[in-house]
Amino acid sequence: MIHSYFIRKPHMVYIMPAILVLGLLTLIPTIFLYFLSITDYELGSETFKVVWFENYLRLFNSAEFWKSFNISISFSIIVTSIELILGFYLAKLLDREMRLKFLVFACLIVPIAMTPSITGQIWKLMLSSEYGVINYLLEISMGLKVIWLSPANAFLSVVLVDIWQNTPFVALIIYAGLKALPEDPYEAAVMDGASRFQLFRYITLPLLRPIILLAVIFRLIDSLRTFDIPFSLTQGGPGSATEFLSMHIYRLGFAQTGWVGRASATSVILLTLTTIISLLLIRLMRKGGKN
């Protein structure tokens with residue numbers, strides 16, 4: 001039976017080893033995570049017992065969990081929306097003829113190539129209220145001095161840093177999509193007297209829909225599980241102003257309490273949320289492709 005399967009699909013012989021390795025590397029940690037989420041295991045403890053859904057019930061009754069949940073959802077929606085708009089605008093600018101375009105691409109790649117933890121450390125220095133370059137420029141130009149990492153502005157600071165680092169990524173994806181668009185629909189529409197707005201509304205946007213949804217999937221998944229930038233920039237504070245779900249998991253499991261079971265339950269919820277959103281967007285993207 002296996003022999004006949006590989007005869008019917010000869011390409012599976014070459015990709016099956018990679019599928020098996022990736023499957024094991026994904027399945028084993030995931031099963032272990034689900035098991036830990038139904039135990040009361042604490043970091044350093046030699047014994048533990050199965051508590052089934054007690055960890056989940058505690059989380060759903062925890063105000064701290066819901067605050068982190070809301071912060072993560074708000075952050076994902078805000079940064080994905082802004083990065084998509086700015087990225088689209090940048091891609092349209094890059095799609096024009098211009099001198100020194102290679103230098104613009106080099107500048108766009110710098111934030112992408114930088115690790116998020118280093119990005120957070122650099123911006124932490126730049127946003128310093130005492131000696132940061134951002135406040136220096138604001139003070140000499142407008143006489144303003146902002147305490148960027150205060151409880152009122154910490155969330156905004158994380159949003160700004162994330163937008164700075166990830167907008168070029170979205171711009172390059174959409175730019176690649178623009179360069180791949182066929183010329184025929186535009187030529188036919190121009191001959192029929194279509195305006196520039198009509199070309200954008202009825203040709204560019206529908207043809208770019210799969211690319212735009214792909215960028216949204218990447219950014220939503222990445223922003224929901226963001227950890228490095230808030231950890232290096234604010235460490236979840238001040239207070240719990242920037243305690244994203246990932247920071248909440250870290251604090252529960254490793255930073256203060258060592259409640260690995262409850263941290264695992266929170267991880268399962270984050271994993272489930274990310275999976276549901278991804279599946280919905282992938283389904284939408286496939287539906288758009290068929291149309």
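Taking Rh as the Kirkwood radius computed over C-alpha pairs, what is the Stokes-Einstein D of the chain at 37 °C in a medium of viscosity 0.692 mPa s, expressed in µm² per second?
Numbers: Rh = 22.5 Å.
It comes out at roughly 146 µm²/s.
For segment 16-134, rounded, prolate or oblate, judged on the Cα gyration tensor with a ≥ b ≥ c (square roots of eigenvalues), a/c < 1.5 rounded, else prolate if a/b > b/c?
Cα axes put segment 16-134 in the prolate bin.
For LYS49, list the aspartates and glutamates whose Cα falls under 15 Å from its own Cα; do not include residues on the same chain fewer than 8 positions away.
Here the aspartates and glutamates satisfying the reach criterion relative to LYS49 are ASP40.
Which shape class applies to segment 108-173: rounded if a/c is under 1.5, otherwise prolate when a/b exceeds b/c and oblate if not, where a ≥ b ≥ c are the square roots of the Cα gyration tensor eigenvalues?
It comes out prolate by the Cα gyration axes.
Which one of ASN55, PRO111, ASN70 has its Cα pushed farthest toward the positive end of the charge dipole of segment 11-116, where Lys and Arg give +1 and Asp and Glu give -1 at the Cβ?
In segment 11-116, that residue is PRO111.
How much accessible surface does ARG58 have with a 1.4 Å probe, in Å² rounded to 10?
Around 120 Å² of this residue is reachable by solvent.
For segment 28-165, with only Lys/Arg (+1) and Asp/Glu (-1) charged at the beta-carbon, what is the dipole magnitude about the Cα centre, in debye rounded to 20? Provide the component values of the computation, followed by the final result.
On the way: 9 positive and 11 negative charges, 102 e Å.
With Lys and Arg at +1 and Asp and Glu at -1, about 480 debye.
Tell me which of SER141, GLY23, TYR5 sits at the most positive position along the dipole axis of segment 1-146, charges placed on C-beta atoms (Lys, Arg +1; Asp, Glu -1).
Highest projection toward the positive end goes to TYR5.
Which sequence of LEU86, LEU280, LEU172 reflects their accessible areas, 1.4 Å probe, from the largest down?
Heavy-atom accessible area, descending, gives LEU280, LEU86, LEU172.
Output ³J(HN,Hα) for segment 269-282: one whole-Hz value per residue in order, computed from phi by the Karplus curve 6.51 cos²θ - 1.76 cosθ + 1.60 with θ = phi - 60°, and x for Gly and Pro.
5, 5, 4, 5, 4, 5, 5, 4, 4, 5, 5, 5, 5, 5
For LYS179, list the lysines whose Cα falls under 30 Å from its own Cα; do not include residues on the same chain fewer than 8 positions away.
Leaving aside lysines fewer than 8 places away in the same chain, those within reach of LYS179 are LYS92, LYS101, LYS287, LYS290.
How much accessible surface area, in Å² rounded to 10, belongs to the heavy atoms of VAL104 with a 1.4 Å probe?
Here the residue's solvent-accessible area equals roughly 60 Å².
Tell me, what is the 1.4 Å probe accessible area of PHE75, in Å² to the nearest 10?
Its heavy atoms expose roughly 0 Å² to the probe.
Note the per residue figure in Å³ for the convex hull of the C-alpha positions in segment 145-280.
Convex hull of Cα atoms, per residue: 136 Å³.
For THR39, which sequence-distant residues (separation of 5 or more, or a different chain) have an amide H within less than 5 Å of its own amide H, given hydrogens modelled in the peptide plane?
Placed amide hydrogens put VAL51 under 5 Å from THR39.
For LYS67, which lysines qualify as cross-link partners when the Cα separation must be under 28 Å and same-chain residues fewer than eight apart are set aside?
Answer for LYS67, where 28 Å is the Cα cut-off: LYS124, listed by chain and number.
Just from the alpha-carbon atoms, what are the Rg and Dmax of segment 80-229 in angstroms?
Over segment 80-229's Cα set, Rg and Dmax evaluate to 18.9, 60 Å.
At 20 °C and 1.002 mPa s, grab the translational diffusion coefficient of segment 1-79 from Stokes-Einstein with a Kirkwood Rh over Cα pairs, rounded to a whole number in µm² per second.
127 µm²/s
Could you please put GLU130, GLU54 in sequence from largest to smallest accessible area, using a 1.4 Å probe?
The residues order as GLU130, GLU54, largest area first.
The values are calculated or read from the model by the stated rules, or taken from the named source; none is laboratory data. If you're wondering where the values come from, they're calculated on a predicted model, not measured in any experiment. We place every Cβ from the backbone using ideal geometry, glycine too, and count neighbours over all the protein chains shown. Heads up: the accessible areas ignore ligands, DNA and RNA and are worked out on the full protein's heavy atoms, side chains in. Shrake-Rupley method; radii C 1.70, N 1.55, O 1.52, S 1.80 Å.
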